[in-house]
Amino acid sequence: MINTDEPVSFVAAYNERTGLVGSRIRDILPDNKGNVWAITDKCLNRIDISTGEIFNYDEKYGLTKLNKAALISSGEIYLSASGGVYHFFPDSIKPMIAQVKPYFKTFKIFDRSIDISRNSGPGTEIRLKHTENFFSIEYGAINYFNPEETEFCYMLEGQDQDWVSAGKRKYVSYTNLPGGNYNFRLRVMLNGEIHSEVSLPLFVETPFWKTTLFYIILILLAFTFIYALFKYRTNRIKRRRRSKPDTIL
């Protein structure tokens, strides 16, 4: 970038490594506030000279096949394209912030789907029998801006030690979970940044033979058996002693 004020000086260089999208410059234009607009073979780039930050405007903003740029006296910028002309005031262009919301699509126990909508409200949970501890969850995200860049990560609290990066995969399965309370958390990300999160509480029933009560009963039964065996042997010894005649020396 060349500063046009006297004396002429080199300010900075911008390329794809610094955030410029596109390798071929078709046109370049400064606006009235000193920002630089560069048309490349891929999109329109705005360079904030004061910070060095580069903003990119491509087909997601409705801009396609741009060729030339012109600034008129009112401060408005005109862009010529193969399909017509775009015009705008630089201050009116704001970065589009995608509002991405994750959601749960289906919940399957083996091959049987259940209505997850009735179990996804605040304070509710999905309750599973101990024989239903193999399940899968399908999920997705509402992203109208750039759905192809949506990525996910999840964690089943009570089972997973850390967040699991799922990338663009939209399902997860768990099997042989011990009984207890769990919380499935799902995060949606764009460009490595977390946008929002949803959670789904789960409860897996513990079979009776694995509960604390069952172990207590077993211990009590064991002590009862040992005590009964001890009493039986003690009484048997006493009876034998009584049945033996006294020996006269």
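Computed from the coordinates by the stated procedures, all read-outs in this text should not be read as laboratory data. Given the structure is predicted, the values throughout are model-derived calculations rather than measurements. All Cβ positions, glycine included, derive from the backbone under ideal geometry; neighbour counts span all protein chains shown.
Descriptive notes on the structure:
- Label separation (Lys68 vs Asn146): 3.1 nm, computed from points 7 Å beyond Cα along the C-beta direction.
- Rounded to the nearest 20 debye, dipole of the chain from Cβ charges on Lys, Arg, Asp, Glu: 3340 debye
- Cβ-to-Cβ counts within 10 Å put Val85, Val164, Val100, Val188 in ascending order as Val85, Val164, Val100, Val188, the fewest first.
- Phi-derived couplings, Karplus 6.51 cos²θ - 1.76 cosθ + 1.60 at θ = phi - 60°, listed residue by residue for the range 99-107: 9, 9, 10, x, 8, 9, 8, 9, 10 Hz, with x used for Gly and Pro.
- Close amide H contacts of Asp27 (hydrogens built in the peptide plane, cut-off under 5 Å, sequence separation of 5 or more or a different chain): Ile39.
- Summary value for the chain: 11 percent relative contact order, contacts being C-alpha pairs under 8 angstrom separated by 6+ residues.
- Annotation: amide H-H contacts under 5 Å for Asp160 (H modelled 1.01 Å from N, sequence separation of 5 or more, or interchain): none.
- Fully extended contour minus Cα-Cα distance, from Gln159 to Ala228, at 0.36 nm per residue: 20.5 nm
- Radius 12 Å from Cβ of Tyr171, net charge of other residues (Lys, Arg +1; Asp, Glu -1): +4
- Using θ = phi - 60° in the Karplus curve 6.51 cos²θ - 1.76 cosθ + 1.60, the 3J(HN,Hα) couplings for the range 158-165 round to x, 10, 7, 7, 8, 5, 10, 7 Hz; x is entered for Gly and Pro.
- If the segment from Ile216 to Tyr61 were pulled out straight at 0.36 nm per residue, it would be longer than the present Cα-Cα gap by 49.1 nm.
- Lys, Arg +1 and Asp, Glu -1 on Cβ, resulting dipole of the range 187-242 about Cα centre, debye, nearest 20: 1640 debye
- Taking label points 7 Å from Cα along the Cα-to-Cβ direction, Ala81 and Glu125 give a separation of 5.2 nm.
- Relative compactness, the chain, computed as alpha-carbon Rg over 2.2 N^0.38 Å: 2.02
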